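Q: Encoded as structure tokens, here's the structure I'll be asking about.
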Amino acid sequence: MKQIFVILEQRNGTIKKSSFEAVTKSLELAAYTGAVVKGIVCGDAIANLHQAGIFGLSQLIHLKSQAFAMYTASGYRAAILSVLQKENAEIIIFANTAMGKG
């Protein structure tokens, strides 16, 4: 089965609204492709983590570490890429933000 991965952004322990918008678009794409939608988020304590399930993700992978408290492109990239390779990701979606473009 095809998998769509959405990379969720968090700031100060809260998943950003733009990430939930990316989930919504991913679910629309999944309706056409028959794929399942999974999310990946880097961070330590995330207050609104439960909302990801409400939006319809089939699975949320929380890469939990205090090292992710402050965003670094190289740190996030390595952790996320490791999961995507292990899961044989076919489609990856980011929000249209500075982090998503980085």
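Q: Output the residues belonging to the stretch 9-61 that are among the small types (Gly, Ala, Ser) and assigned to a helix (DSSP H, G or I). Even if it seems obvious, please write down each step before you answer.
A: So in the stretch 9-61, the residues among the small types (Gly, Ala, Ser) come out as 13, 18-19, 22, 26, 30-31, 34-35, 39, 43, 45, 47, 52-53, 56, 58.
If the condition is that a residue be among the small types (Gly, Ala, Ser) and assigned to a helix (DSSP H, G or I), then 18, 19, 22, 26, 30, 31, 52, 53 are the ones that fit.
Q: Please tell me if residue 6 is touching a residue at least 24 places away in the same chain (Cβ under 8 Å) and outside any helix (DSSP H, G or I).
A: Answer is yes for this residue.
Q: Of (1) under 21 Å from residue 96 (Cβ atoms); (2) in contact with a strand residue (DSSP E or B) (Cβ under 6 Å, 6 or more places away or on another chain), residue 56 satisfies all except one. Which?
A: It is condition (2) that residue 56 fails.
Q: Right, something else. Take the stretch 12-65 and flag every residue that is of a type in the set (Lys, Arg) and without any contact (Cβ under 8 Å) to a residue 60 or more places away in the chain.
A: Within the stretch 12-65, 17, 38, 64 meet the criteria.
Q: Can you pull out every residue in the stretch 76-102 that is in contact (Cβ under 8 Å) with a residue 24 or more places away in the chain and assigned to a helix (DSSP H, G or I)? Reasoning before the result, please.
A: Initially, the stretch 76-102 is screened for residues in contact (Cβ under 8 Å) with a residue 24 or more places away in the chain, giving 76, 79-80, 83-84, 87-97, 99-100, 102.
Those that are in contact (Cβ under 8 Å) with a residue 24 or more places away in the chain and assigned to a helix (DSSP H, G or I): 76, 79, 80, 83, 84, 99, 100.
Q: Right, another one. Could you check the stretch 21-64 and list, in sequence order, the residues that are on the phi > 0 side of the Ramachandran plot, out of contact with any Leu (no Cβ under 7 Å at 6 or more places or on another chain) and surrounded by fewer than 20 Cβ atoms within 10 Å (Cβ to Cβ)?
A: If we filter the stretch 21-64 for residues that are on the phi > 0 side of the Ramachandran plot, which is where we start, we get 34, 43, 56.
Subset that is out of contact with any Leu (no Cβ under 7 Å at 6 or more places or on another chain): 34, 43.
Of everything in the stretch 21-64, just one residue is on the phi > 0 side of the Ramachandran plot, out of contact with any Leu (no Cβ under 7 Å at 6 or more places or on another chain) and surrounded by fewer than 20 Cβ atoms within 10 Å (Cβ to Cβ), namely 34.
Values quoted throughout were computed directly from the atomic coordinates according to the rules given, and no laboratory measurement underlies them. Because the structure is predicted, anything quoted here is derived from the model rather than measured. Cβ atoms come from the backbone with ideal geometry, glycine included; neighbour counts cover every protein chain shown.
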